[in-house]
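Read-outs: derived from the displayed coordinates by stated rules, not from any lab. Remember, predicted model here, so these are calculated numbers, not experimental data. Heads up, the Cβs are rebuilt from the backbone with ideal geometry, glycines too, and the neighbour counts pull from every protein chain shown.
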Amino acid sequence: MNVLKADFFRFLKDKTTYILLGIVFLMSPLTCVMYSLMGNSSFTVERLIYQGLGTEILCVLIGLHLSMFIGKEYANNTIRNKLCYGEKRYKIAGCFFLESIIIALLYVLVSVASSLLFGAIFGNFEFASGFMMKLLCQTAIIVAFSLPITGVVISAKNMKAGFMVTVLISVIFTAISYALPMLATSFPVIEVVCRCLYMIVSTMLISSVNGVYYVGTFAFENIYANALILSAVYSAVSVGVTMLAVKKQSYK
């Protein structure tokens, strides 16, 4: 608990926290302005919420924040100091993962709160059936995204690796997720393979609103169960692989 308290005290004191969360909060009113300029004044709060949670910008912000937050622990030799005070390396890594989940959920909370506020003012306060299930799936995917970023920073012991993985997931994998449905349409022979890859890749994306919101007819029938199961598996693999890497690390 002492490790968590110290880390969150540092988190709350960091100006970067408020700058990045402020950007997230402002994304919803900016989206409202964009809708107005496009002549679309009939958007719903639900649409605004998913628009906020399903953007690559949010992906990048979370990735950058986690990379800097955890990377500074290695850059400043704070990890070695914790070990000298008797903290176990597995406990430290576990705390980082728990903190990453909390930080990701905080970003979700700020984004949803902003969308509810500005959506109620400028849009229609309407929700379709199944809204909570979609929101749960999207949240699970965001958490699933945050854990491998954390794992990479812990394993590599520097924030630059986290930056690189953030770009990889938010840009390259997003392009792949858009390309797979087109490939399946063009080449029916590989449709099943494309479906499987699509679900795996979209689960690795915070912008996997492709797999939750813009479901269409391409995704599997039970999209919600798939999103939750794959998010859980992906998270477990990220934590497991990182713990194996931590076992072999040395701090000199």
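Among the listed pairs Lys160/Lys247; Lys5/Lys82; Lys15/Lys157, which have their C-alpha atoms separated by more than 19 angstrom in this model? Please list the in-between numbers first.
On the way: Lys160/Lys247 21 Å; Lys5/Lys82 13 Å; Lys15/Lys157 23 Å.
Pairs exceeding the cut-off: Lys160/Lys247; Lys15/Lys157.
What shape does segment 95-176 take by its C-alpha gyration tensor, where a ≥ b ≥ c are the square roots of the eigenvalues and a/c under 1.5 counts as rounded, a/b above b/c as prolate, and the rest as oblate? Could the numbers behind the result be given before it?
Details: a/c = 2.42, a/b = 2.05, b/c = 1.18.
Because a/c hits 1.5 or more and a/b exceeds b/c, segment 95-176 counts as prolate.
Give the order of Thr139, Thr16 when sorted by the count of other beta carbons within 10 angstrom, beginning with the fewest. Can you show the working numbers first?
Numbers: Thr139 18, Thr16 13.
Starting with the residue having the fewest Cβ neighbours, the order is Thr16, Thr139.
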Karplus 3J(HN,Hα) series, Hz, for segment 153-163 with 6.51 cos²θ - 1.76 cosθ + 1.60 (x for Gly, Pro): 5, 5, 5, 7, 6, 7, 6, 4, 4, x, 4
Spatial separation of Cα centroids for segment 1-42 and segment 56-117, in angstrom: 15 Å
For Phe43, distant residues with modelled amide H under 5 Å away: Asn124
Equivalent-ellipsoid semi-axes of segment 41-98, from the Cα gyration tensor, Å, largest first: 38, 12, 6
